[in-house]
Amino acid sequence: GTLRKKEWNTAAPPAFSALSFLAGSLAGAIGTLVGHPLDTIKVRAQTGQASATTIRALFRGMSGPLLTSGGIQAVNLGMYENFRRRIQMIRGRPADEAAPIHIVGAAGALAGMTISLLTCPQQRVKVLQQSGYKNTWVGCARTLGLRGLFVGFPIQVWMESTRGIYMITYVGLLRKITPEYATDSSVRPPTWARMIAGMAAGTLGWFIIYPADAVKSVMQADFPGQRKYKSPYHCMTSLLREGGVPRLYRGLGATLLRAGPVSGVLMPTFDISLAILRDLFPFLS
């Protein structure tokens, strides 16, 4: 059922919370474990490669994301929470007050754009390894160099900014399911509601960005020294000539299948662990 936090802290919390980053780290690592095999299927479909035929192949390229996704999601979700709190304080409202939905979206978009500097290199190496390039994560990064690591960066920035859409959907659904949550941020919606909202938000988000993700994956799958496309536009027009609009949606089924479970655990894990951490360490919240 719906629970409320203990009334141990009557002072307004600060605009910055280190606990947000710790909760995000846990959520990111769990999300990677749940979704990586289906992500490999997606990437290989997008890049026109044969399906992975072994369990090992499905998990190829996971070590880097597993080691880094926790930190990246920590930054993303931590930045989201802190952007939201900061905007609230700029508006002259308490940081822990439920924010209007447009501010939730703005905080999500700003956080997403911030982490694109981290996610673009991570995704470049991951896609390269999933495409069959045999080298360690560090070895790939050294071979690619700084310029090679940021192939597809403009698309990455745009894609990450759509995290604002994810947050609007996620929080909006929670407020519909648990009306008290819309006006009182101390209300904790039930876990099942968080999971449903997360799955719906993740599925919608991926459906919106999928064509752009396909272009990015194809660009990032190029082996070092074999850059085929001059720009995202060049890549997109090439894919359209190859198979029309359906070419941009190749692998969508695996992605939507992955989006549900991953998104269903990501935000609930973050929300629940953040609430527990705040109960355990009120002086840090």
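The values are calculated or read from the model by the stated rules, or taken from the named source; none is laboratory data. Just so it is clear, the model here is predicted, and its values are computed rather than measured. Neighbour counts run over all protein chains shown; Cβ positions are idealised from the backbone, glycine included. For accessibility, only protein heavy atoms count, side chains too; no ligands or nucleic acids. Shrake-Rupley method; radii C 1.70, N 1.55, O 1.52, S 1.80 Å.
Some observations on this one:
- Sum of -39500 (n - 2.57) over DSSP H runs of 4+, divided by residues of the chain (222 nm, nearest 500): -24000 deg cm²/dmol
- Most mobile listed residue (W206, W192, W137) in the chain, GNM with C-alpha springs under 10 Å: W192
- With 0.36 nm allotted per residue and the present C-alpha distance subtracted, the S63-I177 stretch has 37.3 nm of extension available.
- Burial order of peptide ranges 115-126, 79-90 (average beta-carbon count within 10 Å, highest first): 115-126, 79-90
- Gap separating the Cα centres of the stretch 56-88 and the stretch 152-170, nearest whole Å: 13 Å
- Accessible surface of the stretch 18-108 [probe 1.4 Å, protein heavy atoms]: carbon and sulfur percent: 66 percent
- Approximate spin-label separation S231-R56, in nm, with each point projected 7 Å along Cα-to-Cβ: 4.3 nm
- Remark: spin-label model distance W192-I208 equals 2.8 nm, labels positioned 7 Å along the Cα→Cβ axis.
- Among the helices of the chain, those built from whole DSSP H runs whose Cα atoms reach 24 Å or more along their own axis and whose mean Kyte-Doolittle hydropathy is at least 0.5 are 18-46, 101-130, 191-220, 252-280.
- Sorted into 5 angstrom bins from 0, the C-alpha pair distances of the chain split as 1, 6, 11, 17, 19, 15, 11, 8, 6, 4, 2, 0, 0 percent.
- Mean accessible surface per residue for the stretch 99-177, computed with a 1.4 Å probe while every protein chain stays in place, in Å²: 41 Å²
- With the highest mean first, a sort of the peptides 58-64, 39-45, 138-144 on other beta-carbon atoms found within 10 angstrom per residue produces 39-45, 58-64, 138-144.
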